[in-house]
1. Is it fair to say residue A:181 is outside the structural domain of residue A:100 (by TED's automatic domain parsing), modelled with pLDDT of 95 or more and either in contact with a helix residue (DSSP H, G or I) (Cβ under 6 Å, 6 or more places away or on another chain) or within 12 Å of ligand 1 (Cβ to nearest atom) (or both)?
2. Would you point out the residue of region A:92-111, among those that are within 13 Å of chain B (Cβ to nearest Cβ) and assigned to a helix (DSSP H, G or I), that is farthest from residue A:125 (Cα to Cα)?
3. Would you confirm whether or not region A:68-91 contains a residue that is under 30 Å from residue A:209 (Cα atoms) and either in contact with a helix residue (DSSP H, G or I) (Cβ under 8 Å, 6 or more places away or on another chain) or not in a loop (DSSP other than H, G, I, E, B) (or both)?
4. More than 14 Å from chain B (Cβ to nearest Cβ), touching a strand residue (DSSP E or B) at 6+ places or on another chain (Cβ under 6 Å) and within 16 Å of ligand 1 (Cβ to nearest atom) - does that describe any residue in region A:207-217?
5. What residue, of B:302, B:266, B:262, is within 14 Å of chain A (Cβ to nearest Cβ), closer than 20 Å to residue B:359 by Cβ, more than 16 Å from ligand 1 (Cβ to nearest atom) and surrounded by 24 or more Cβ atoms within 10 Å (Cβ to Cβ)?
6. Just one of (1) at positive phi; (2) modelled with pLDDT under 90 trips up residue B:381, so point out which.
7. Looking at the structure I just gave you, is residue A:28 in contact (Cβ under 8 Å) with a residue 40 or more places away in the chain, assigned to a helix (DSSP H, G or I) and in contact with a helix residue (DSSP H, G or I) (Cβ under 9 Å, 6 or more places away or on another chain)?
8. Considering only residues that are assigned to a strand (DSSP E or B) and either out of contact with any helix residue (DSSP H, G or I) (no Cβ under 9 Å at 6 or more places or on another chain) or on the phi > 0 side of the Ramachandran plot (or both), which ones fall in region A:112-133?
Ligand SMILES: Nc1ncnc2c1ncn2[C@@H]1O[C@H](COP(=O)(O)OP(=O)(O)O)[C@@H](O)[C@H]1O
Ligand SMILES: [Mg+2]
């Protein structure tokens, strides 16, 4: 099976923030499963893309969601001219042919779906395909990486303690002001001045975390605002569209955010 | 004036023996304000009044009121008075008419135009018709009322009173005597249609976003007989804000509130400690405060340039002749924040130079003292008058600056109003404290002498046992069987008013909750597989069928997927800790933990009822292992109605917290619930304890054991913690994810429903 399609050809722009790069390499050396912990839009996906490129491994990304079934991960029978044929799911592909498999926002999936990853995370490194009566042993290059947003508090949706303990975890948070400004400049192609302003605006929204907002503006949102500004949208309006409205539906919070953006410009 | 007519008048007066009542000066004034013809008409009117045997002093008041009205609004207004007076007297009696004459002076002071005055008279006639008993009483307050309402607003306010009180004269009297809160609120709303409560959340979030400043906000309400609070004030963590800023309407009022809160935010972010008063004169205190305002605002503007726009809206001073210190200070305030403002007054020019030359030292509050002190001296030497008694900080968005100064035993006159206002607010707070009075009357520590007279059929102190539970002994690593006894006690309902009061003042939160509930209910639709009918083919099912057919089996005919709204399938048992410690006050507020918890539970119940989640509510406490008490507010089968609210309002804090036993009981009652998820929600202020247990770890470990065994039965446990000291123990009991600490307990009421929704969707 050819996974070229899943290879990352060009070096993605990633600005290391801490020791995450050598740490990940060390984990990969013994194929330890890795959990990337942090709020959305803080660079987890970009990081894993960068690491896959750096390690020269194909990367298979699966965005988890509530309606996802185990079949969506491991595969299913399909019909074709000769009858039924088995189709590997993305997880099985990664396991069989040695890719890094990235399960994004894994808590979003139901627990009965995510149980399939259990035997992949311990010494067994196997994936049972019950419907097919097959036990797939993992390719030596295979590695499992999941992302996890701890801010998402629900008693009902959480990883099992036993699952969590099998991963090493890398903590991601928003970059500091200087780094974040550089990332915005590079990603959105805006001036340092605009990038600094966006960082300042972002910090204002993050001050409201736990005071009406579940989460402040992400680096991704700031980049998107930057891109709108790059296309000649005024700062206020760009921020309105890229962060205020997406972040919250609460009119008071929206108003406070807009007003603090006004205060910044 | 014809002699005949004059003669007739003379006769009349002589006959009535009342001429002496109207003094010569008033006669003279009458002749000045009226033309001859008008004077004639007026005396005809006087004659009509005299014929009605109106009192002596009322006659003089009438004459003087006529003069005032004619002077202010023209002769026609002076002549109208008499007809209105007659109408009022017909309906409300002589005393009412007399009171109206006396009150005319207030009307003349506050109403600008002749037509306003005419409208006022017409309203008074309507009042005499609709609430005759109240005319005289209202006249006593007329100055206060008209200070706040224009003629049109006065009219609607009077009508609101008549309508609101209906046929009950006593209630009308309350209203027009300003004893009824709704009367005061009504005209506060009339004079400014934006109340602080409507803006509070967004203004608070604004300063939270800018400076992580999360103050406690209190409303300065209006109290009759006292000047309406005009300026905000702050005192460390507490911020006092007028309920309404008179004369501010709509979006302007909203921005004005934001300007005010942002200004205090600037004090908090860039200010220093309190200044000592030392030997400073009132004018110096005012000027140091003014410079300090400018200093913190300029620092804030350096960080957030947009704030300048917000504040400058309210700096409207213009250069001109300097008559009084107050006017110069108004202009100086503007000069220090508005770089485009031109003013060549030498004092202002000098002040501006001093202030901006020390730009590099702006971070040091001392410069405010230095510059303000010098400027105050200058004004003194210029012999410019400053009236500390009447001085009010300008522009109106700024606070009274009492928070800048060390607290003095004897505040100088400039501060007295603020001090007054603070005192006021504190009193109101106390009144509003929603502790039902009965709590003290019926608390078991001080049982009422006359037990037999109690309303409750079941005596307070007799519970009946409903279950026994084991308890975990961590030292031996084993369960002590049947160790605790759970007794159910009668939850004594509070009076109906106390029940409904739980939800009052939370209208805004209720609206939010209902909206949230609405959106949670129409939550994401889900595809349900293997349906007989549906919107799309179920591919997996089709393939299974194909395979079945190929293998010769009998295929399942359900090939479709259909979209269904995801149902919440959750039942909840709310366990409310009502131990003694919940009677503690929260921080520096007047509210107790239990009062906040009761309100929070009421709002939460509203949310749960809205979502259709089956739920039960129990208060719990304990008095040793053989008396773990359950006070049942609502069962799963009951609906959350007024009587449940009353029982909730009647819960009071006493005894100890044997948490484990309560959890086991809650679990036992929850387990027959046939929902997919079952949740015990604990609201508590601290770690478990009881009188018969000395080892503080013992009950903590037992509770932890209880949580785990519930988890084993598939029952989730979540605790909302209200006090931070016992954090560690509570986290040990509930686990990190099973415990949410509310940092400001007084915010619990508004937060709890949202936490609940977040944790359960
Ligand atoms: N350290 C970083 N280096 C480069 N780009 C970054 C970094 N952190 C965030 N970004 C930018 O933020 C965007 C969002 O990050 P992403 O990885 O998609 O977030 P997550 O996966 O955590 O939700 C990326 O597309 C990238 O542009
Ligand atoms: Mg001030």
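1. yes
2. Filtering region A:92-111 for residues within 13 Å of chain B (Cβ to nearest Cβ) gives A:107-108, A:110-111.
This time we only want the ones that are assigned to a helix (DSSP H, G or I), so: A:107-108, A:111.
Details: A:107: 21, A:108: 23, A:111: 19 Å.
Checking each candidate, the answer is A:108.
3. Taking region A:68-91 as the starting set, the residues that turn out to be under 30 Å from residue A:209 (Cα atoms) are A:68.
From the residues that got through so far, the ones that are either in contact with a helix residue (DSSP H, G or I) (Cβ under 8 Å, 6 or more places away or on another chain) or not in a loop (DSSP other than H, G, I, E, B) (or both) too are A:68.
Among the residues of region A:68-91, at least one is under 30 Å from residue A:209 (Cα atoms) and either in contact with a helix residue (DSSP H, G or I) (Cβ under 8 Å, 6 or more places away or on another chain) or not in a loop (DSSP other than H, G, I, E, B) (or both), which makes the answer yes.
4. From region A:207-217, those more than 14 Å from chain B (Cβ to nearest Cβ) are none; that's our starting set.
So far as region A:207-217 goes, no, none of its residues is more than 14 Å from chain B (Cβ to nearest Cβ), touching a strand residue (DSSP E or B) at 6+ places or on another chain (Cβ under 6 Å) and within 16 Å of ligand 1 (Cβ to nearest atom).
5. Numbers: B:302 fails: surrounded by 24 or more Cβ atoms within 10 Å (Cβ to Cβ); B:262 fails: closer than 20 Å to residue B:359 by Cβ.
B:266 is the lone residue from the list that is within 14 Å of chain A (Cβ to nearest Cβ), closer than 20 Å to residue B:359 by Cβ, more than 16 Å from ligand 1 (Cβ to nearest atom) and surrounded by 24 or more Cβ atoms within 10 Å (Cβ to Cβ).
6. With respect to (1) at positive phi; (2) modelled with pLDDT under 90, residue B:381 is out only on (1).
7. On the way: in contact (Cβ under 8 Å) with a residue 40 or more places away in the chain: yes; assigned to a helix (DSSP H, G or I): yes; in contact with a helix residue (DSSP H, G or I) (Cβ under 9 Å, 6 or more places away or on another chain): yes.
So residue A:28 passes the test.
8. Kept after step one, since they are assigned to a strand (DSSP E or B), are these residues of region A:112-133: A:126-129.
Across region A:112-133, there are no qualifying residues.
The values are calculated or read from the model by the stated rules, or taken from the named source; none is laboratory data. All values derive from a computational prediction rather than experimental measurement. Cβ atoms come from the backbone with ideal geometry, glycine included; neighbour counts cover every protein chain shown.
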